[in-house]
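Chemist: Below: one structure in structure tokens.
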Amino acid sequence: MPEPILDWGIALVLQFQGMGDWMIAPMNALTFTGDVAFFLFVLPAVYWSIDRRFGIRVAMAMMISITLNALLKMVLHAPRPYWYDTRVRLLGNGEALFGLPSGHAQNAVVMWGMLAAQIGRWWGWVMAIVLMILVGFSRIYIGVHFPTDVLAGWLVGAIVLFLFLRFEHSVLAWFRQYSIQAQLGLLFAASLMLIATAALLEGTIDTRWSMPEIWAENAIAAGGIPLDGVSLQDTVSGAAAFFGMAAGASWLYVRGNFDAGGPLKYRLVRYLVGVLGVAIFYAGLDAIFAMLAEDESILGYVLRYGRYGLVGFWLLGLAPILFLQLGWAKIERQRSSVL
């Protein structure tokens with residue numbers, strides 16, 4: 001990114017931060033709606049206890065967005081404001097990876113845009129656009145994104161949203177023509193291709209470009225965390241979660257799917273037990289695997305793939321099967337041809 005554009009962005013970030021510290025709490029609350037943690041705890045509520053079809057659509061759209069964002073960050077390897085200029089305060093959680101495009105802004109467009117499309121009313125789109133703008137603003141205010149990062153995130157998110165809504169049914173209809181074994185093979189191969197693409201990008205960038213040491217120094221001085229630079233972690237996580245979710249949904253589909261409705265007590269128990277499973281796979285395995293290998297090692301990447309793949313498979317496949325076996329859910333009566 002040319003320095004004049006970065007300098008213009010710094011000026012705008014400083015102007016936003018000059019609006020007062022009273023905004024720190026609400027801005028961090030807004031930015032949390034774009035975090036993976038938010039996604040992991042809200043998606044199950046929708047998928048397990050409200051609307052299974054909508055839940056799976058949001059899950060697939062979000063995983064595509066998250067993985068694409070990780071690849072674009074590697075390609076563009078742009079700094080964050082608090083890395084670039086010591087006048088910028090870090091008013092939220094530090095970030096270890098590059099900033100362009102903003103993943104929070106991009107994911108906000110996809111997630112809230114999917115909700116607006118589901119509602120199908122003008123006020124739904126007004127609500128969604130307001131949330132998209134506020135999430136983007138929060139990322140600038142807390143000092144982790146330039147305005148150009150947010151604009152790029154909104155643009156990429158809009159493209160992902162449009163393409164997903166336009167082609168989801170035709171792609172799923174094509175995919176469902178294959179046997180479950182072939183479906184799982186295609187999904188696994190696609191996830192490995194994404195990781196291989198990221199690995200090639202990492203090798204190319206590492207030989208042609210090195211991160212300025214001042215970025216890492218400024219990040220630590222601002223109270224941030226050590227920078228990972230060009231890392232495969234986000235791509236491996238996204239590709240694995242995509243494979244696990246899609247594999248779980250495909251496996252469940254051939255078994256009849258499940259009805260997310262039913263008495264409130266069953267909806268609540270599905271969510272509570274399901275989230276416990278998410279915590280076990282996501283946090284429990286993370287603690288165990290951290291003792292077995294470094295994150296940036298071959299074994300570390302394999303373990304990361306397994307952890308995120310299991311989380312995805314639990315969310316969309318294994319947990320619903322458990323609910324059916326325990327009598328907390330029923331087989332869906334009216335089946336869609338694709339979902």
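Chemist: With the condition kept exactly as written, say whether any residue in segment 231-244 is farther than 26 Å from VAL302 by Cβ, in a loop (DSSP other than H, G, I, E, B), touching a residue at least 40 places away in the same chain (Cβ under 8 Å) and hydrophobic (A, V, I, L, M, F, W, C). Lay out the reasoning, then the answer.
Modeler: So the first thing to find is which residues in segment 231-244 are farther than 26 Å from VAL302 by Cβ, and the list is none.
No: segment 231-244 contains no residue that is farther than 26 Å from VAL302 by Cβ, in a loop (DSSP other than H, G, I, E, B), touching a residue at least 40 places away in the same chain (Cβ under 8 Å) and hydrophobic (A, V, I, L, M, F, W, C).
Chemist: Within segment 82-93, can you find the residues that are of a type in the set (Val, Ile, Thr) and either touching a Gly at 6+ places or on another chain (Cβ under 7 Å) or open to solvent by less than 10 Å² (accessible area, probe 1.4 Å) (or both)?
Modeler: Start the filter on segment 82-93 by keeping residues that are of a type in the set (Val, Ile, Thr), which leaves 86, 88.
Scanning segment 82-93 gives a single hit, VAL88.
Chemist: OK, next. Of the conditions (1) part of a helix (DSSP H, G or I); (2) more than 25 Å from ILE205 (Cα to Cα), ARG87 satisfies every one except a single condition; which number is it?
Modeler: (1)
Chemist: Is it the case that segment 4-25 has a residue that's at pLDDT 90 or above, in a helix (DSSP H, G or I) and under 22 Å from the mean Cα position of the chain (by Cα)?
Modeler: no
Chemist: Quick one: in segment 13-41, which of the residues that are open to solvent by less than 60 Å² (accessible area, probe 1.4 Å) and of a type in the set (Val, Ile, Thr) is farthest from ILE321 (Cα to Cα)?
Modeler: My answer is VAL13.
Chemist: Quick one: is THR67 under 21 Å from the mean Cα position of the chain (by Cα), modelled with pLDDT under 95 and open to solvent by 20 Å² or more (accessible area, probe 1.4 Å)? Step through it out loud before you land on a result.
Modeler: Working: under 21 Å from the mean Cα position of the chain (by Cα): yes; modelled with pLDDT under 95: yes; open to solvent by 20 Å² or more (accessible area, probe 1.4 Å): no.
Taking the combined requirement at face value, the residue does not satisfy it.
Chemist: Name, by its number, the condition in (1) open to solvent by 50 Å² or more (accessible area, probe 1.4 Å); (2) not in a helix (DSSP H, G or I) that does not hold for ALA96.
Modeler: (1)
Chemist: Could you identify the single residue in ARG57, ARG89 that is more than 29 Å from ILE140 (Cβ to Cβ) and either without any contact (Cβ under 8 Å) to a residue 24 or more places away in the chain or touching a helix residue (DSSP H, G or I) at 6+ places or on another chain (Cβ under 7 Å) (or both)?
Modeler: After ruling out the rest, the residue left standing is ARG57.
Chemist: For the subset of segment 131-153 comprising residues that are out of contact with any Phe, Trp or Tyr (no Cβ under 9 Å at 6 or more places or on another chain) and surrounded by fewer than 20 Cβ atoms within 10 Å (Cβ to Cβ), which member is nearest to TYR84 (Cα to Cα)?
Modeler: LEU151
Yes/no matrix, rows are residues, columns are (1) β-branched (Val, Ile, Thr); (2) within 23 Å of VAL230 (Cβ to Cβ):
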| site | (1), (2) |
| --- | --- |
| ALA37 | no, no |
| ARG53 | no, no |
| THR67 | yes, yes |
| ASN93 | no, yes |
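Chemist: What are the pairs, 6+ residues apart or on separate chains, where a residue within segment 217-230 that is closer than 13 Å to PRO81 by Cα and touching a residue at least 60 places away in the same chain (Cβ under 8 Å) has its Cβ under 6 Å from a residue that is open to solvent by 30 Å² or more (accessible area, probe 1.4 Å) and not hydrophobic (A, V, I, L, M, F, W, C)?
Modeler: Within 6 Å, the pairs are ASN218/THR86.
Chemist: Another one. What's the number of the condition SER65 fails, among (1) within 24 Å of ALA221 (Cβ to Cβ); (2) hydroxyl-bearing (Ser, Thr, Tyr); (3) in a helix (DSSP H, G or I)?
Modeler: Of (1) within 24 Å of ALA221 (Cβ to Cβ); (2) hydroxyl-bearing (Ser, Thr, Tyr); (3) in a helix (DSSP H, G or I), only one is false for SER65: (1).
The values are calculated or read from the model by the stated rules, or taken from the named source; none is laboratory data. Not measured: the values here are computed from a predicted model. All Cβ positions, glycine included, derive from the backbone under ideal geometry; neighbour counts span all protein chains shown. Surface areas here come from the heavy atoms of the whole protein model, side chains and all, with no ligands, DNA or RNA. Shrake-Rupley method; radii C 1.70, N 1.55, O 1.52, S 1.80 Å.
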